[in-house]
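Readers should treat all values here as calculations from the given coordinates under stated rules, not as data from a laboratory. Quick caveat, the model's predicted, so the values are computed rather than measured.
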Amino acid sequence: MSKPEPKKDRLPIGKIVGVHGVKGTLKIHSYAESLKIFQPGAMISVSTADGKEKDFEIGWIKPHSRGALLALNNISDRDQAKTLVGAELQIERATLPELDNGVFYWYELIGLQVFTIDDRYVGRLESIIETGANDVYVVKNEDREILIPALESVVQTIDIEANSMRVDLPDGLEE
């Protein structure tokens, strides 16, 4: 079963992984760095694996275990909630807060072509690992996977328009 593709104007921000209690509360895994993106009163789109989409208003959210508990208005019992397990949560891109210059959302970075400062192709940025100290970019090419620390000393430029990132690879990561 493949995951539903988000509409162009929407971003996946989490996944429903289970239910909690009898009142329709959902257990979710958030893709966002902060739960602030799940604002009570805001609209969220729920996309099931069979391609169905429905918008809900967020009632409340709170951290729980390794994820969060989410209440959606109009989901009031466990049976309703169970039908949504496995669904992707999406929001409108336009609702994302503006970021400072030089700061990017992860979705903007995934897919960038990564080059060294002397124009050697490193690979495609496939994913990002949050480590606590700094993020780590997972860059893959035909031959290997390279983990690049997301540090100012390493990442020299990011050009979203050109779909590229230039890095000064630390010793040991050079080919």
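With respect to the cross-link table entries Lys36/Lys140; Lys15/Lys140; Lys54/Lys82; Lys52/Lys140, which display a Cα-Cα separation exceeding 21 Å?
Over 21 Å apart, Cα to Cα: Lys36/Lys140; Lys15/Lys140; Lys52/Lys140.
Which percent of Cα-Cα pairs in the chain sits in each 5 Å bin, short to long?
Reading the bins upward from 0: 1, 7, 15, 17, 15, 13, 11, 9, 6, 3, 1, 0.
Quick check: convex hull of the Cα atoms in the stretch 106-167, volume per residue, rounded to a whole Å³?
Dividing the Cα hull volume of the stretch 106-167 by its residues yields 75 Å³.
Can you tell me the mean projection area, over all orientations, of the convex hull of the stretch 52-119's alpha carbons? Units nm², please.
With the hull built on Cα positions only, its mean projection is 8.0 nm².
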